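Note sheet for the following structure.
The numbers here are math on the coordinates, done by the rules we state, and not lab data. Since this is a predicted model, take the numbers as computed values, not measurements. Backbone-built Cβ (ideal geometry, glycine too); neighbour counts: all protein chains shown.
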Amino acid sequence: MFRKLAFAYGTLFSPRSLLPVRMSSTDVNKKGILADKVAVIIGSTQGIGFAIAQRLARDGAYVVVSSRKQENVDQAVALLKEEGLSSKGMVCHAGKAEDRDKLVKMVANQYGGVDFLICVAGVNPLVGSTLGASEQVWDKILDVNVKSPALLLAKLLPYMEKRGSSSVVLVSSVTGYVPVPKLGPYNISKTALLGLTKTLAVELAPKGIRVNCLVPGLIKTDFSHIVQDEDIINALETLYAMQRTGQPEDCAGIVSFLCSPDASYITGENIVVAGFSPKM
Ligand code: NAP
């Protein structure tokens with residue numbers, strides 16, 4: 001079983017070259033449900049973030065992709081443009097205040113406002129015991145995974161509230177509900193995001209800004225290579241009912257929906273996309 005899973009999760013992982021996800025019924029649609037909206041997606045040059053950027057753009061939005069590395073940003077923008085989609089890109093390390101400030105400035109100058117903020121960037125520098133985690137590891141995980149969405153949103157707020165129907169989507173993980181062994185600080189950061197979603201939803205409702213959270217299960221990306229650890233595979237094995245791992249595109253449609261007018265009365269929800277429903 002281990003070999004089967006290692007094969008499924010390891011050798012078949014989509015390399016960067018396979019990233020242009022399969023075309024669907026929502027292919028390029030300049031007048032789609034998100035037409036003329038501006039979406040900023042943090043951590044979006046590959047994997048789940050790229051699939052979300054691609055889907056929002058296919059649904060008509062102008063998308064701003066970002067990540068830590070210029071070459072990845074350039075590649076993602078080129079892939080979107082090849083498809084005729086409207087996109088800009090900028091380096092933004094989610095954990096760096098100066099990068100967040102530059103991004104806000106660029107978006108304000110280029111578009112004048114922002115309709116959607118999708119915070120996908122997440123890190124996990126540790127596979128090991130929670131109490132063995134150094135202060136540096138805790139700081140990195142909490143800075144990028146938990147603090148950065150709140151700090152960026154604070155800066156973008158003036159550009160979002162004037163749009164009238166803005167939407168924020170955070171990205172947690174099922175490990176926020178069901179802790180996976182050896183990923184302690186990461187699990188905890190993802191639980192914190194479930195709470196951040198609810199708190200921000202309450203605070204921002206009077207401003208007409210909805211805040212929801214995508215909660216993925218195991219999705220085939222470079223990041224999910226961590227599941228080659230046998231303990232983690234065993235823990236995940238007990239959870240999966242649909243007998244397949246997810247694809248980044250499995251996470252994209254729900255984010256488009258959460259941004260769309262169809263979700264105009266939905267806020268504070270943590271929505272699991274995992275092929276199973278985690279028990280608390
Ligand atoms: P991925 O394929 O490794 O992609 C991560 C993306 O984020 C890349 O574009 C990367 O580009 C960028 N990035 C990484 N660190 C960043 C930072 N500090 N600031 C800005 N951008 C950063 O990962 P993924 O699987 O799509 O994961 C995305 C999110 O989903 C994470 O929050 C993760 O916790 C969550 N998630 C994933 C799974 C899964 O099974 N894959 C399950 C549950 C939750 P650069 O390298 O250029 O920065």
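Can you list the lysines whose alpha carbon is less than 20 Å from that of Lys81, not counting same-chain residues fewer than 8 positions off?
The qualifying lysines are Lys30, Lys31, Lys37, Lys69.
Return the distance in nm (one decimal) between the two label points of a simple spin-label model at Ser134 and Ala150, each offset 7 Å from Cα along Cα→Cβ.
Taking the simple label geometry, Ser134 and Ala150 are separated by 2.5 nm.
Return the lysines within reach of Lys198: Cα separation strictly under 20 angstrom, same-chain partners fewer than 8 residues apart disregarded; answer none if there are no such residues.
Hits, sequence-local ones excluded: Lys147, Lys155, Lys190, Lys207, Lys279.
Between Gln247 and Ala108, what FRET efficiency comes out of the Förster formula 1/(1 + (r/R0)^6) with R0 = 41 Å and r the beta carbon distance, rounded to 0.05? If you can, show how the numbers build up before the last one.
On the way: r = 34 Å, r/R0 = 0.83.
Efficiency at R0 = 41 Å is approximately 0.75.
At 7 Å along Cα-to-Cβ for each site, give me the label-to-label distance between Lys31 and Ser264 in nm.
Label at Lys31, label at Ser264, 2.0 nm between them.
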